[in-house]
1. Limited to the range 355-405, what total is found for residues that are at pLDDT below 50 and assigned to a loop (DSSP other than H, G, I, E, B)?
2. Being outside the structural domain of residue 292 (by TED's automatic domain parsing) and more than 29 Å from residue 105 (Cβ to Cβ) is true for just one of 168, 203, 185. Which residue is that?
3. Looking only at the range 330-354, which residues are modelled with pLDDT of 90 or more and of a type in the set (Phe, Trp, Tyr)?
4. If you check residue 182 against the conditions, is it surrounded by fewer than 13 Cβ atoms within 10 Å (Cβ to Cβ), of a type outside the set (Asp, Glu) and in a helix (DSSP H, G or I)?
5. State all residues of the range 142-166 that are among the hydrophobic types (A, V, I, L, M, F, W, C) and touching a Lys or Arg at 6+ places or on another chain (Cβ under 8 Å); if no residue qualifies, say none.
6. When you go through (1) under 30 Å from residue 185 (Cα atoms); (2) surrounded by 19 or more Cβ atoms within 10 Å (Cβ to Cβ) one by one for residue 59, which number turns out not to apply?
7. So in the range 77-133, with the set limited to residues that are without any contact (Cβ under 8 Å) to a residue 40 or more places away in the chain and more than 30 Å from residue 173 (Cβ to Cβ), which one is surrounded by the most Cβ atoms within 10 Å (Cβ to Cβ)?
8. Can you tell me which residue in the range 340-372 is surrounded by the most Cβ atoms within 10 Å (Cβ to Cβ), limited to those that are more than 15 Å from residue 64 (Cβ to Cβ) and touching a residue at least 60 places away in the same chain (Cβ under 8 Å)?
Amino acid sequence: MVVNPRSRLRQSTMHRASTRARCIVPLLIAFTLFATFALWGCKKEKKQPPAPPPPAVTVEKVALKTVPVHLKYVATTQSIKTVDIRARVEGFLEERRFVEGADINKGDIIFVIEKAPYEAELEMSLAQLAMDKAALSFAGDQVKRYKPLAEQDFVTQESLDDYVTKAREAAAAVKADLAKIKQNRLNLGYCTMYSPLNGRIGRTLVNVGNLVGAGQDTKLATIVQLNPLYVYFSPSEKDLRLILKHRQKKDIPVDIILSDNTKHPYPGKVDFIDNTADPQANTINMRAIFPNPGSTLLPGIYVQARLFLCDVPNTPLISEKAISEDQTGMYVYVVGKDNKVEKRSIETGFLYNHQKIVWKGLKAGERVITEGLQMVRPGMVVQPRENGPGNQGKVEAPGADSTGK
């Protein structure tokens, strides 16, 4: 069979055109898809919202102040002197010369016991003294009369010795009578009972008309001294070393804080430190004495004893609400340069005027976050608002460091 060359050329040309078309079609499809996705991506990128602004937080600058160092303890007040009034002689209680709960002075008559029996005993002892003095006088005269007679042997020596013995017995009887009179006068004096101190007397424990006496050991009333008063408290062994250190230089003032958070207007001072410690609690019994004019405080009241040790200048202070705590200890969030947040570990002391003393970790002028702590993390950029006098709501410009530059 004879093939026409022209027909073969035509078939070859058609085959190459078909092959070229098959290659171009996928490329066109790919280009179309790429252009579609590119246009869709551009449209999507244009619809994205703007980035949110940095979170707003409230900051406070670390302030330096002179801070008084106080130690505080639970304490109890106690009277310097407490006297129980008891009858020293037996007898019926005749008078009560005070108003229960009143302030009395030293030497005031408070009770009177029946005096008649003791007055009679005193008179009997005085009469006995007179008799024994007469006997002593007679015996002395007899000794003077018989002594020269005995020397001349007109009377026996035995007779003289007998009168000498009687004179000595009479002299001893006189001494005994004098002692008895002294005791009877004391007993008569005990019938009138006086206040031994200035203070406040309590209620009457025995009414007038009852039999009282030393044999019954009857307490009639109690008097307490109210001015000045003691206050007792128990610092730890660690605090004791600090107290002793400052006590070497000066007396340690003590303020008394009452249950209503008011301060007793008259400060006292530490006047006693016990010589042994409580081994179970590791505390030392300590006492302060303070004035109590007007007797406004009573013994047995729970108060707070606040000891002033010294003033510490240039002490960093921050609000307590700026401080957080985790397993590593206390920390704060500090806003530094470019308003970036930094987590800072600190060591704190006691509260002073609702602020916390910072012994280590912060410097003056640094900014700590006090509000908005739940929204921040270390390294985050924030928008700080300074919280301070005249700065409420003041927003600091981005990029300001802790000194405001």
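1. The qualifying residues number 15.
2. 168
3. Selection gives 331, 333.
4. Answer is yes for this residue.
5. 160
6. Here residue 59 meets the rest and fails (1).
7. 97
8. 369
The values are calculated or read from the model by the stated rules, or taken from the named source; none is laboratory data. All of these numbers come straight from a predicted model, not from anything done at the bench. No Cβ is skipped: glycine too gets one built from the backbone with ideal geometry, and neighbour counts run over all protein chains shown.
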